[in-house]
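A short worksheet on the structure shown next.
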Amino acid sequence: GTEHTGARALVSVIEKVLLHFERKLPSVDITALTVSAGVVEDPAGSLQELLFQHSLQRFSDTFFQSHGIQLHFPPDTLGELWQLALARKLSPEELCRELLADYGHGLRLIEQREFTLSPGVLLKPQETLNQLIKEFYSRRR
């Protein structure tokens, strides 16, 4: 709806928008928040997306530090990850840690330094990794 545009009204609108973030962000190590039109129009959805991205970035950073492999998540994979995480009531970080537990060693075994995850990797992680390893060693013969 429309609000009055005086200073108090503006502060009231900003407080309403940021209340979602004020309750949740202190418990997370997010250091910056950009308030865009999307955040103002859908604060709850924006918060959920921010927490999703942050959790996934934390997993990717940890994976890189542990294994030296950069992971890439294309948009269709992000959509699948979002759905799986919601369905299983896990954060993206927890879900990826579970699904990709063997990928650090497996990808190093096949000499990968970067890996782009397809939705199929999330749906059949072990089968996909096994196939990648088989293909790698069959090419080496």
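Just so it is clear, none of the values below were taken in a lab; they were calculated from the coordinates. Small disclaimer: the values here were computed from a predicted structure and weren't measured. With ideal geometry, Cβ positions are generated from the backbone for all residues, glycine too; neighbour counts draw on all protein chains shown.
Quick notes on this structure:
- For the range 75-141, alpha-carbon Rg and Dmax in angstrom: 12.9, 44
- The chain - percent relative contact order, Cα under 8 Å, separation 6 or more: 21
- Candidates per trypsin sites (Lys or Arg not before Pro) in the range 47-123, loop by DSSP, up to 12 other Cβ within 10 Å: LYS89, ARG113
- Dipole size of the chain about its Cα centre, with +1 on Lys/Arg Cβ and -1 on Asp/Glu Cβ: approximately 480 debye, rounded to the nearest 20.
- The Cα-based radius of gyration and maximum Cα-Cα distance (Dmax) for the range 1-134 are 18.9, 67 Å.
- Loop-located chymotrypsin sites (Phe, Trp or Tyr not before Pro) in the range 86-141, at most 12 other Cβ atoms within 10 Å (DSSP): none
- Only lysine pairs 8 or more places apart, or on different chains, with alpha-carbon atoms under 29 angstrom apart are counted in the chain, and they number 5.
- Summed residue charge, Cβ within 14 Å of LEU18's Cβ, Lys/Arg positive, Asp/Glu negative: -1
- In a DSSP loop and with at most 10 other Cβ atoms within 10 Å, the GluC sites (Glu not before Pro) in the range 86-123 are GLU111.
- Residue among GLN65, ALA44, GLN112 farthest towards the positive dipole end of the chain, charges placed on Cβ: GLN112
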